[in-house]
Amino acid sequence: WHYDQIYLPRPAVGSCLYAVIIPADRGATSFADMAAAYEALPERTRQRIEGRKAVQSYEAFNRSYSVPTNEEQRKKSPDIEQPLVRTHPYTGRKALYICPGMTTRIVGLSGEDSAELLAELFAWSVQPRFVYTHTWRLGDALLWDNACTMHRREPFDGTQQRLMKRTTILPEAAVAVPF
């Protein structure tokens, strides 16, 4: 699960995938509504995370795929603090702004408390009630709001080809994180 470019000072506000080649089983991509997940949190949890920041790491994301990060990539995308709860730049709606592969810790909490709270929030946010899974057909195009939607590719037969074209929509400079 991830947000596109969460590790950048100005992460994408939208993304689009276009299915050019799909596997025989058609493959799937799942999307988690992080605004709905935030809104459904118990009030006590919302109060606990309000105003906090989390560290987002491109290097941690690469490690999760066993890909080393080189020095140039480290300089271009150093670890960055982002709001744990992001306010949507256009709608004003609040959303959890974390993802398992890139969010490494919550600033101001001990390592243990941070890991425990992140695990709780990750598990909460991908409950079936917050997730839509799209099974691809050739030529499908999906556009999503990257300010409040986390996504992931579902497993498929690795011997099959899958090619998606992605377009990323960047925010205006005036609405760059932090909000």
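The values are calculated or read from the model by the stated rules, or taken from the named source; none is laboratory data. Being a predicted model, the structure only gives us computed values, none of them experimental. All Cβ positions, glycine included, derive from the backbone under ideal geometry; neighbour counts span all protein chains shown.
Got at least one residue in segment 140-159 being modelled with pLDDT under 95, surrounded by 15 or more Cβ atoms within 10 Å (Cβ to Cβ) and farther than 30 Å from ASP25 by Cβ?
Yes; the residues of segment 140-159 include at least one that is modelled with pLDDT under 95, surrounded by 15 or more Cβ atoms within 10 Å (Cβ to Cβ) and farther than 30 Å from ASP25 by Cβ.
Just checking, which of ARG74, ARG48 is more than 26 Å from GLU172 (Cβ to Cβ) and either surrounded by 19 or more Cβ atoms within 10 Å (Cβ to Cβ) or at pLDDT below 95 (or both)?
Values: ARG48 fails: either surrounded by 19 or more Cβ atoms within 10 Å (Cβ to Cβ) or at pLDDT below 95 (or both).
Within the list ARG74, ARG48, the selection yields ARG74.
Just need a number here: residues in segment 89-99 that are surrounded by fewer than 16 Cβ atoms within 10 Å (Cβ to Cβ), farther than 17 Å from ARG10 by Cβ and touching a helix residue (DSSP H, G or I) at 6+ places or on another chain (Cβ under 9 Å).
Residues in segment 89-99 being surrounded by fewer than 16 Cβ atoms within 10 Å (Cβ to Cβ), farther than 17 Å from ARG10 by Cβ and touching a helix residue (DSSP H, G or I) at 6+ places or on another chain (Cβ under 9 Å): 1 in total.
If you scan segment 1-28, which residues turn out to be buried (at least 19 other Cβ atoms within 10 Å of the Cβ) and under 16 Å from GLY158 (Cβ atoms)?
Listed by number, the residues that qualify are ILE22, GLY27.
Only one of these conditions is not met by HIS151: (1) assigned to a loop (DSSP other than H, G, I, E, B); (2) closer than 24 Å to LEU8 by Cβ. Which number is it?
Unmet for HIS151, out of (1) assigned to a loop (DSSP other than H, G, I, E, B); (2) closer than 24 Å to LEU8 by Cβ: (1).
Starting from segment 98-122, take each residue that is touching a residue at least 12 places away in the same chain (Cβ under 8 Å) and list its partners that are assigned to a loop (DSSP other than H, G, I, E, B) and exposed (fewer than 13 other Cβ atoms within 10 Å of the Cβ), counting only C-beta distances under 9 angstrom and pairs at least six apart or across chains.
Close Cβ pairs satisfying both conditions: GLY101/TYR65.
Looking at ARG162, ARG166, can you tell me which residue is touching a Cys at 6+ places or on another chain (Cβ under 8 Å) and of a type in the set (Lys, Arg)? Please lay out each step first, then the result.
On the way: ARG162 fails: touching a Cys at 6+ places or on another chain (Cβ under 8 Å).
Just one listed residue meets the conditions, ARG166.
Among GLY92, GLY158, which is closer than 18 Å to ALA19 by Cβ, out of contact with any Leu (no Cβ under 7 Å at 6 or more places or on another chain) and assigned to a loop (DSSP other than H, G, I, E, B)? Step through it out loud before you land on a result.
Details: GLY92 fails: closer than 18 Å to ALA19 by Cβ.
Within the list GLY92, GLY158, the selection yields GLY158.
Quick check on THR135: is it over 28 Å from GLN47 (Cα atoms), out of contact with any helix residue (DSSP H, G or I) (no Cβ under 6 Å at 6 or more places or on another chain) and at pLDDT below 95?
no
Which one of GLU81, GLU116, GLU43 is modelled with pLDDT under 95 and either over 30 Å from ASP140 (Cα atoms) or surrounded by 12 or more Cβ atoms within 10 Å (Cβ to Cβ) (or both)?
Numbers: GLU116 fails: modelled with pLDDT under 95; GLU43 fails: modelled with pLDDT under 95.
Selected residue: GLU81, the only one of GLU81, GLU116, GLU43 that is modelled with pLDDT under 95 and either over 30 Å from ASP140 (Cα atoms) or surrounded by 12 or more Cβ atoms within 10 Å (Cβ to Cβ) (or both).
Which numbered condition in (1) more than 17 Å from the chain's Cα centre (by Cα); (2) surrounded by 17 or more Cβ atoms within 10 Å (Cβ to Cβ); (3) modelled with pLDDT under 95 is the only one that ARG86 fails?
Going through (1) more than 17 Å from the chain's Cα centre (by Cα); (2) surrounded by 17 or more Cβ atoms within 10 Å (Cβ to Cβ); (3) modelled with pLDDT under 95 one by one, ARG86 breaks only (1).
All but one of (1) in a strand (DSSP E or B); (2) under 17 Å from VAL55 (Cβ atoms); (3) hydrophobic (A, V, I, L, M, F, W, C) hold for CYS99; which doesn't?
Against the list (1) in a strand (DSSP E or B); (2) under 17 Å from VAL55 (Cβ atoms); (3) hydrophobic (A, V, I, L, M, F, W, C), CYS99 comes up short only on (1).
Looking at segment 20-40, which of its residues are under 21 Å from THR149 (Cβ atoms) and in a strand (DSSP E or B)?
Across segment 20-40, the qualifying residues are ALA28, THR29, SER30, PHE31, ALA32, ASP33.
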